[in-house]
1. Confirm whether B:Glu126 is of a type in the set (Asp, Glu), within 13 Å of chain A (Cβ to nearest Cβ) and surrounded by 19 or more Cβ atoms within 10 Å (Cβ to Cβ).
2. Here are some residues: A:Ile147, A:Ile155, A:Ile141. Which one is within 27 Å of A:Thr216 (Cβ to Cβ), at the interface with chain B (Cβ under 10 Å from one of its Cβ atoms) and hydrophobic (A, V, I, L, M, F, W, C)?
3. Can we say A:Gly146 is within 30 Å of B:Glu126 (Cα to Cα) and not in a helix (DSSP H, G or I)?
4. Considering every residue within segment B:203-218, establish whether at least one is farther than 25 Å from B:Ile258 by Cβ, out of contact with any strand residue (DSSP E or B) (no Cβ under 9 Å at 6 or more places or on another chain) and either modelled with pLDDT of 90 or more or of a type in the set (Gly, Ala, Ser) (or both).
5. On the basis of being assigned to a helix (DSSP H, G or I), within 26 Å of B:Lys20 (Cβ to Cβ) and modelled with pLDDT under 90, does A:Leu258 make the cut?
6. If I filter segment A:63-78 for residues that are within 8 Å of chain B (Cβ to nearest Cβ) and surrounded by 12 or more Cβ atoms within 10 Å (Cβ to Cβ), do I get at least one hit?
7. I'm told A:Asn228 meets every condition in (1) within 8 Å of chain B (Cβ to nearest Cβ); (2) touching a Gly at 6+ places or on another chain (Cβ under 9 Å) except one. Can you identify the failing condition by its number?
8. Of everything in segment B:25-54 that's at the interface with chain A (Cβ under 7 Å from one of its Cβ atoms) and over 32 Å from the mean Cα position of the chain (by Cα), which residue is nearest to A:Ala202 (Cα to Cα)?
Amino acid sequence: MTAATPAVQRPPRPKRSLAVPAGLLGAILITLWAASEQFGIGFDIAAILEDLSKGSLILTEVLQPNFAFFPRTIEPMIETIQMAIIAATIGCAIALPAGFLASRVTAPGRISLAVTRSILNVIRALPDLLYAMVFVTALSIGPLAGILALIFFNIGVGAKLLSETVDAVDRGPIEAADAAGSTHVQMVRTGVFPQVLPNYVAFSLYVFELNIRASTVIGIVGAGGIGNTLNAQMGFFNFNNVGLIILELFILVFVIELISIQLRRRLT
Amino acid sequence: MTATTAAQVAARPTPPSHVKRDIAILATLAIIAWAFLTIDVRLDRLIDLPERLWSLFQRMFLPPDWSYIEVALPAMVASIQMAWIGTLIGAVLSLPLGFFGAKNISSGPVSNAVRVFLNAIRAFPEVVLAVVVFVPIAGLGPVAGALAIGIHSIGTLGKLTAEAIESIDSGPVEAARATGAPTLAVQRWGVLPQVLPEIVAFWLYRFEINLRAAAVLGIVGAGGIGAVLSNTLSYRRFDKAGLAIIVVVIATILIDQISGYVRRRIIEGSDRKAIQAEVFGEPGPDRAGR
């Protein structure tokens, strides 16, 4: 039979990979474990759906912002912007050398690469709020604690983004710089830095935007800015005022996003 | 010889103007200077900061209260579970929204409306969502945290899903249509297989981000490791807080490594794509050539 029709010779079917069903099964098991009453957080959809209407109680107040509160938000809002600018400037300035040290392409040696990466992993593993709590404990409440917390947060994010970009640069200019007999620093300066500069500026803008978003969280533990005001208003159950603050933050982030999209378009 | 050189010199284009760039740099510097000079900060506190931090460090880690691991570890596990359930909620709800938000799948007005909705969700920080909406629904505890994380995640995940769908190859979609497949089948066989690896990688990346958010939510009553950190620090039990910090660092790095490994198995170079999507709001430019 096969000899009669030699023209149709199908390639063998690829072997079915077990990775996908195994991954799916693993995900389902983790979900059941995490949602269970006994071992997990006790996630009960029926109960949530039953109480869903309670969610609208406060939400309706938040969606009716109290514009009379606006004058009292101006000063903390400016403080938030200042904190975000200062932290982004210092954080990204530190993230620049840290990012080069943490990339395989530009690290001067294996040991320094491993050490920088480990330090950055630890810095990134701690949530922004924890930095805020620690600095508030060390310095008492106020914007200084918030700025320091944001700086650490920014070093983690900025260095990670930069090192990933440096990993993917075109190797040509590096080889050219090496061939011309440049030192390591000269090679980084002339072969790599110009390639990643537009991205670096874009990351800095992104980090600034993240800082504005993070300000709500930072302020909850007393580290200054609009988050302080937000937290106080939530504590007083003044949810109309909370609504106004959220609206202001939304507009602020939206405007910053528009500006940075424009700037990034010109850069890249 | 001299003639050609002169001609070459004459033909040389004038160097491009740097005025705009210089103005932009000056403006940026001016804004930074304004922020530094006008902020109301007590800089004298900075002088003894290293000393204070060192003493705090000593009280936290030299040595930490190792016995406290009985409390910190289960709390960390609860935070991880909160992040996982939250990410799952975000993933399940964002997938259909991503289809409705993609311009090549749904109609213009629908996709615009969905985009606006996704952006509005992103404006509500998790902490505010938890306090305002989900603690009243689910009470204090990790369930409220998981719901807050889930709803907040819809914003980013929906946007990324929509953008991934917009950059698909239209061939399989047309092929499915040509066979007379109904709309839902076209999505299932023409669209989903193309975008699913990328979307699953985004979900995992979001899980890593949500793990950090879960720690934050503890201080507004969502339980988990955040509650432990907040309590130990406010009662100044620094050796216990130190141990909790160690648990957070080790657990987070471990999960980042596992999740990152799985993501790289799913799509090559997913770290860069995820970051690209996060920063520039679009899956990496290298997709365009596909």
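The values are calculated or read from the model by the stated rules, or taken from the named source; none is laboratory data. All figures in this text were calculated on a predicted structure; none of them were measured in a lab. Every residue, glycine as well, gets a Cβ built from its backbone with ideal geometry; the counts of neighbours run over all protein chains shown.
1. On the way: of a type in the set (Asp, Glu): yes; within 13 Å of chain A (Cβ to nearest Cβ): yes; surrounded by 19 or more Cβ atoms within 10 Å (Cβ to Cβ): yes.
In short, yes.
2. Working: A:Ile155 fails: at the interface with chain B (Cβ under 10 Å from one of its Cβ atoms); A:Ile141 fails: at the interface with chain B (Cβ under 10 Å from one of its Cβ atoms).
Only one candidate passes the filter, namely A:Ile147.
3. On the way: within 30 Å of B:Glu126 (Cα to Cα): yes; not in a helix (DSSP H, G or I): no.
Judged against the criteria, A:Gly146 is not a match.
4. So in segment B:203-218, the residues farther than 25 Å from B:Ile258 by Cβ come out as none.
Scanning segment B:203-218, I find no residue that is farther than 25 Å from B:Ile258 by Cβ, out of contact with any strand residue (DSSP E or B) (no Cβ under 9 Å at 6 or more places or on another chain) and either modelled with pLDDT of 90 or more or of a type in the set (Gly, Ala, Ser) (or both), so the answer is no.
5. The answer is yes for A:Leu258.
6. Just the residues of segment A:63-78 that are within 8 Å of chain B (Cβ to nearest Cβ), to begin with: none.
No, the conditions are met nowhere in segment A:63-78.
7. Going through the list (1) within 8 Å of chain B (Cβ to nearest Cβ); (2) touching a Gly at 6+ places or on another chain (Cβ under 9 Å), A:Asn228 breaks only (1).
8. Here the residue is B:Arg42.
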